[in-house]
Amino acid sequence: MELKITVLVDNKPNPDSSLSLKTAHGLSLLLELLYEKDRRALILFDTGPSPEVLESNAKALGVELEKVDVIAVSHGHYDHTGGFPAALEGSRKLVVMHPRAFETKVRIKPCLKYIGVPYTRLQLELMGASITGQPPLQLAEGVYVHDTRGIRNRRVDGNLGVLSEDGVVKVDEMWDELLLRVELDDVNMVLTGCAHPGIDRIVEYLSGLVEASNRPLKVLGGFHLAWSSLSEAKSVALRLKELGVEEVYPGHCTGDVGIRALREVYGDRCKPLYTGFTLTLR
């Protein structure tokens, strides 16, 4: 079994400007799994902030979005769900998405601003989404989606809120956060959209769910460290290493401070993401 990950959307630009890839605040990852006898599965993890960016980058990278088998959504923020029209391409697709992703999500400061899913559940269904939200689920051979409801000592971003129907704003503890886990012959891979509950706590939580193995653990995606101090981010990086994470691939909301801290701990085993980045594992 082989896994190829292609970053279709990320905050960081591709170093090769000739590829004409668009950079945007958001994340979208394509997972291509190759099995024996030419069997293949395509999974899209998040869709970035807009259909224009996703469609343009997919075309530039030779990705045929219409051939995607299933779409998994990490959480209900616009920068991970705005590209749905391009991701669905007018075809019927299974979409794994936590029900609470459709809550009215807001940024609290400097002023109240809606940052949730740009489409209603009905609109997505009319586009072709067949939505389910009952993790843990097996999306393909070796690929699993997990929720984070078991993480009780969650990290919380005080600037992320949920607006209730009666107009009350509460801090969003991101109970809708989902993540992917890929079991390969020689490695375990964890993929996160933003890891709001804490990337270290997510890895610790997964370690308690999955049987221990001698396979190295790698983590890729947004680590939500952009708003942390260097010392806070370094503490998280050290905890990841303590938990057995051998390589990290930080992107999106990890931020420059987070990447700096991860590089101090991991050295060349920290490989930051950018739009068009690819990784192949077996």
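Computed values, structure above
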read-out: Residues (touching a Leu at 6+ places or on another chain (Cβ under 6 Å) and modelled with pLDDT of 95 or more) located in the stretch 218-245; value: Leu220, Gly221, Gly222, Ala233, Ala237, Val245
read-out: Pick from the stretch 232-248, criterion touching a residue at least 12 places away in the same chain (Cβ under 8 Å), small (Gly, Ala, Ser) and assigned to a helix (DSSP H, G or I), ranking: surrounded by the most Cβ atoms within 10 Å (Cβ to Cβ); value: Ala237
read-out: Selected residue (only one of Pro49, Pro15, Pro85 is on the phi < 0 side of the Ramachandran plot and modelled with pLDDT under 95); value: Pro15
read-out: Unique residue being touching a strand residue (DSSP E or B) at 6+ places or on another chain (Cβ under 7 Å), exposed (fewer than 15 other Cβ atoms within 10 Å of the Cβ) and not β-branched (Val, Ile, Thr) when the list is Lys170, Lys105, Lys93; value: Lys170
read-out: Residue in the stretch 130-167 that is surrounded by the most Cβ atoms within 10 Å (Cβ to Cβ), counting only those that are among the hydrophobic types (A, V, I, L, M, F, W, C) and within 30 Å of Tyr35 (Cα to Cα); value: Val145
read-out: Within the stretch 249-272, tally of residues that are outside any helix (DSSP H, G or I) and surrounded by 24 or more Cβ atoms within 10 Å (Cβ to Cβ); value: 2
read-out: Boolean, Pro197 is surrounded by 20 or more Cβ atoms within 10 Å (Cβ to Cβ) and part of a strand (DSSP E or B); value: no
read-out: Lone unmet requirement of (1) crowded, with 17+ Cβ neighbours inside 10 Å; (2) at pLDDT below 95 for Arg215; value: (1)
read-out: Qualifying residue in the stretch 59-73 (condition: surrounded by 22 or more Cβ atoms within 10 Å (Cβ to Cβ), at pLDDT 95 or above and assigned to a strand (DSSP E or B)); value: yes
read-out: Qualifying residues in the stretch 178-220 (those that are touching an Asp or Glu at 6+ places or on another chain (Cβ under 9 Å) and small (Gly, Ala, Ser)) - the one nearest to Ala237 (Cα to Cα); value: Gly198
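The values are calculated or read from the model by the stated rules, or taken from the named source; none is laboratory data. Everything quoted here is computed from the prediction, not taken from an experiment. A quick note on method: Cβ atoms are made from the backbone with ideal geometry, for glycine too, and the neighbour counts reach across all protein chains shown.
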